[in-house]
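Asks: Can you read through this structure? Questions will come right after.
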Amino acid sequence: MTPFIAEMIGTMLLILLGDGVVANVVLKDTKGNNSGWIVITTAWALAVFVGVVVAGPYSGAHLNPAVTVALAISGAFPWAEVPGYIVAQFLGAMMGAFLVWLTHKDHFDRTEDAGAKMAVFCTGPAIRNYGINFICELVGTFVLVFTIFHITGAEIANTKQVVGLGSVGALPVALLVWVIGLSLGGTTGYAINPARDLGPRIMHLLLPIKNKAGNDWAYAWIPVVGPLTGAALAAFLHLMLK
């Protein structure tokens, strides 16, 4: 279990369980159909918990390019390792999305709403306003990363400290993602993670999904650039306040 493999598997589990709950809620004839936003946000939080518990001892469980970049900006993570972590995160996200499609294939086939099928893989705005949508992703990720710095310790901002407490240490991060989803997620679907959105969006393009919609590339930059910007701002503020 190298750091690369840990990031890949941890992110795969994150997306498998996170996109999996969306599939359970929005696809036709699942037993969780129409179970709602509380179910989605709760399962996404627990998906983070699972990913952190599995990957944490080996990689620090970033599971998110925005977290990796923020830690590098803060000086807690070497820039030389950033590309490898990001590649692992994207590969894991794509693997997780593939498994969601595989396990829910019958329900994808029965679902007529192309938008619902795409929503399993990637986020989209409730109201399309690119400027505000960008700010929403920026703010959500800022809250995520800035709080992670304080969960892990203000002086040494390293996510490995979260996992140093084992499963109990992963719980604060899960609760953090849960409250972001409940409070801020209703505007854009709170990607707050470039790999979480773009990796599965690419899989939506590649997979043979029956009667699928387009991939909304005009919006796709927002859940990538917004989280990276919010994470960078959180890292700079953390450095200023140390």
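The values are calculated or read from the model by the stated rules, or taken from the named source; none is laboratory data. In this text the structure is predicted, and so the values were computed from the model without any measurement. In this analysis, Cβ positions are derived from the backbone assuming ideal geometry, glycine residues included, and neighbour counts consider all displayed protein chains. Each accessible area value is taken on the protein alone, full model and side chains, heavy atoms only, with ligands, DNA and RNA left out. Shrake-Rupley method; radii C 1.70, N 1.55, O 1.52, S 1.80 Å.
Asks: Would you check if there is a residue in segment 183-192 being open to solvent by less than 10 Å² (accessible area, probe 1.4 Å) and of a type outside the set (A, V, I, L, M)?
Replies: Yes, because at least one residue in segment 183-192 is open to solvent by less than 10 Å² (accessible area, probe 1.4 Å) and of a type outside the set (A, V, I, L, M).
Asks: When you check A170 against the structure, is it in contact with an Asp or Glu (Cβ under 8 Å, 6 or more places away or on another chain) and crowded, with 18+ Cβ neighbours inside 10 Å, yes or no?
Replies: no
Asks: What is the number of the single condition among (1) under 20 Å from L13 (Cα atoms); (2) not in a helix (DSSP H, G or I) that G124 does not meet?
Replies: (1) is the only condition that G124 fails.
Asks: Now, a different point. Based on this model, can you work out whether A126 counts as crowded, with 18+ Cβ neighbours inside 10 Å and modelled with pLDDT of 95 or more?
Replies: No.
Asks: Quick check on segment 129-165: of everything there that is modelled with pLDDT under 95 and polar (S, T, N, Q), which residue is most open to solvent (accessible area, probe 1.4 Å)?
Replies: Step by step, filter segment 129-165, then rank; the result is Q161.
Asks: Is there a residue in segment 27-45 that is assigned to a helix (DSSP H, G or I), of a type in the set (S, T, Y) and either open to solvent by less than 50 Å² (accessible area, probe 1.4 Å) or in contact (Cβ under 8 Å) with a residue 24 or more places away in the chain (or both)?
Replies: yes
Asks: For segment 206-231, how many residues are open to solvent by less than 20 Å² (accessible area, probe 1.4 Å), over 24 Å from D106 (Cα atoms) and among the hydrophobic types (A, V, I, L, M, F, W, C)?
Replies: Number of matching residues: 3.
Asks: Are any residues in segment 177-224 under 15 Å from the mean Cα position of the chain (by Cα) and modelled with pLDDT under 95, and if so, which ones?
Replies: Passing the criteria: none in range.
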